Amino acid sequence: MHSNAIKLIIITVLLLILSGCAARMAVLPGEVPPMHTVQEFSDDENVSRTRDPWEGLNRNMYKFNYEVDRFVLLPVVSGYEKAVPRPLRTGVSNFFANLREVRTLFNCTLQAKGKKSLVTLGRFVTNTTIGIGGLFDPATSFGLRRENEDFDRTLEAWGVGTGPYLVLPILGPNTVRSAGGFAVDGAVRWAIMNSIDPFGGTGARTELETGTTGLETVDLRYRESFRYYDSDYPFEYYMVRYLSSQQRELKTLR
Amino acid sequence: MTIFGRILLGLFLLLPACAWGDGTGYGYPIGDSFASSILGTPRSLRPNLPRKAPVTTLVLETDQEKPEIFFCDRGLRYTVAFQHHRAPLVFLIAGTGASSKAPKVVALMENLYHAGFHVIALPSPTFPNFIINASTTHVPGNLSDDAADLYRVMEQIWSQSKGRIEVSDFLLAGYSLGGTEAAFVAKLDEERKIFDFRRVLMLNPAVSLYSSVSQIEGLLDRIPGGPRRIGAFYNRVMAKCTDFYRKGDFVAVDDDFLYAAYQGHLLSQDEAGAVIAVSFRISSSGMIFASDVMTHGGYLVPKNRELKNSDSLDDYFWASLHLSFLDYFNEYFVPYFQSRHPGLTEEELLEALSLKSIEGYLDSSAKIEVITNEDDFILPPGELDYLRRVFGPRLKVYPRGGHLGNLEYRENIAFLIDRLRSSTW
């Protein structure tokens, strides 16, 4: 039963990839050749450095994310904006950003970045105490700049390549490596929560966790101004693919 | 140091000073026409606006049938900022390839709103969303056709907005190609009289569409290998920028970064020009593709292929980036209009794409005014003189600012608003 499901998934994925490949051929049998094709311009350097062998699948996922945004996330975010006053929303953003300091801390440590680790530790301690559990961000005004490290960058520091482009459901533009990094970061967070276990088997934890994950998703979408297909530019997919790899590269320079 | 060295150094030190105080009393600081067009106006030299204007994007639903790849297109998107009281309404037309919420449009809207106007901004007829929804032919560039489409859309939007706002009278403004189109829309309005525009402002307009496009496309001839090697050029510029970013202590790629790059002479004059031309290609590629798909023109996409959402458009993107607007014009635009109007020659068509075709109207209509810059590179030699001849005192020329670089400069905004408010020149 289980293996059948896996087979089905593999076949579906293969079909999607292959259908993507078919469309890449310039002219199919029965089609009138266009006046210009890309072959004429093969003497120029390519701009995109992101491999995208699963483009068909990625484009469908891109569209899926648009629909999720349209019918679920954006209405929820707009309700959130109406119901929760701005200072409180900023508090929520600060709270989750403070939780993410833990991720930054352990990844700085894994990359042996001493100074960044200390700054991040300083930020976490300051904001958790003086900043009342992370709702405020006094550390930034003390001159401790927020660093953003995750397991994706740790993998990069270890010399792992990005792998192909991958549009993830809800999370959007990624690479195989960053998707893996996201999973590892999530697992580490889960393990930490487990070992602290602040609710000691009262049963309140599961509901609370679900609620927190939901709120974090809303907060993430609330802070991200990107809207799928909002540019009305027919080649938006490629611009986003290019810019997301560019952004990743610039981040690693900091 | 030799005496020549001293003189050279003296001249060099004087150069920036010349650019600032050239006796005209005009304080826009960037003297290089490409740099000003890229950088725009430094934030500190823009007007101080008290708060954000209520800028909202709305959709005008059209019954246009859309191919599957434009599935998310739900109609023509236009942007408004409305007052709560009776006020004049400005229709604003965006420049080549721009949407109704392009940064320049929004900047103008914010300023006009704070000056007390209602504003309705429309995308350029060369913007894919307009080509798909509002263009009768789906082939943009024919100024009188595009003006007719714009006018129809204005009427439809106006009938939608009527109940929501109180309007005292109507004004029209457009920048770049939108400025040229504004003149054609104004002429149409003289016949139709729906709005009876009190004043029409053309900001950095093109005189002839073809010659302006040739000016911009020509900027690519100066890169190694010419226009065929724009990919290699782009990679080189990006590598330079990344390197510059790495060495400096920048927080993000923002205005500060761009200014620092400008002051550090990161790009040569030729490179800065080519960057402008590449960004022009990026918008024109969207235009060409959208038009080709809508007309089944067989230019890039096989005539009888129905594109699906999962289909890769990469090859079309790459091919269209390598096609110039002039290719589009000669290979696609001209044959299209010749097939619709047998006997039409290329010269006649070219003439129709120029202000010269409505010169008599422009010459006699006191409500139309032009604002441009001495160093606007979309005007080839002679065209500024042409504008001077036709518009006379209704033309304002700033000594520098490139193409729209000084649009948001305080003095420019103040002048523009003053012109829209006034009833006479």
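The values are calculated or read from the model by the stated rules, or taken from the named source; none is laboratory data. All values derive from a computational prediction rather than experimental measurement. Cβ placement follows ideal geometry from the backbone for every residue including glycine, while neighbour counts extend to all protein chains displayed.
Look through region A:34-43, keep the residues that are in contact with a Phe, Trp or Tyr (Cβ under 8 Å, 6 or more places away or on another chain) and in a loop (DSSP other than H, G, I, E, B), and return whichever of them is surrounded by the fewest Cβ atoms within 10 Å (Cβ to Cβ). That would be A:MET35. Each residue in region B:388-425 was checked for being in a strand (DSSP E or B) and of a type in the set (Val, Ile, Thr), and 1 pass. Residues that are in contact with a strand residue (DSSP E or B) (Cβ under 7 Å, 6 or more places away or on another chain) and among the acidic types (Asp, Glu) within region A:43-85 comprise just one, A:ASP52.
Please return the ranges of helices (runs of 4 or more DSSP H) entirely within region A:91-209 where 3 or more residues are over 22 Å from the mean Cα position of the chain (by Cα) and buried (at least 17 other Cβ atoms within 10 Å of the Cβ).
Here the list reads A:114-129.
When we screen B:SER324, B:SER339, B:SER310 for residues that are at negative phi, more than 11 Å from chain A (Cβ to nearest Cβ), more than 25 Å from the chain's Cα centre (by Cα) and of a type in the set (Gly, Ala, Ser), the only hit is B:SER339. Residue by residue through region B:285-306, note down the ones that are within 8 Å of chain A (Cβ to nearest Cβ) and not in a helix (DSSP H, G or I). Residues satisfying the conditions are B:GLY298, B:TYR299, B:LEU300, B:VAL301, B:PRO302, B:LYS303, B:ASN304, B:ARG305.
To keep it simple, each residue is scored yes or no on (1) surrounded by fewer than 19 Cβ atoms within 10 Å (Cβ to Cβ); (2) modelled with pLDDT of 95 or more.
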| position | (1), (2) |
| --- | --- |
| B:ALA352 | yes, no |
| B:LYS356 | yes, yes |
| B:SER364 | yes, no |
| B:ILE378 | no, yes |
| B:TYR386 | yes, yes |
| B:LEU416 | no, yes |
| B:THR424 | yes, no |
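Number of residues in region A:49-84 that are in a loop (DSSP other than H, G, I, E, B) and under 20 Å from the mean Cα position of the chain (by Cα) equals 6. Here B:VAL167 does not fit the description of being crowded, with 23+ Cβ neighbours inside 10 Å, among the hydrophobic types (A, V, I, L, M, F, W, C) and within 21 Å of B:VAL80 (Cβ to Cβ).
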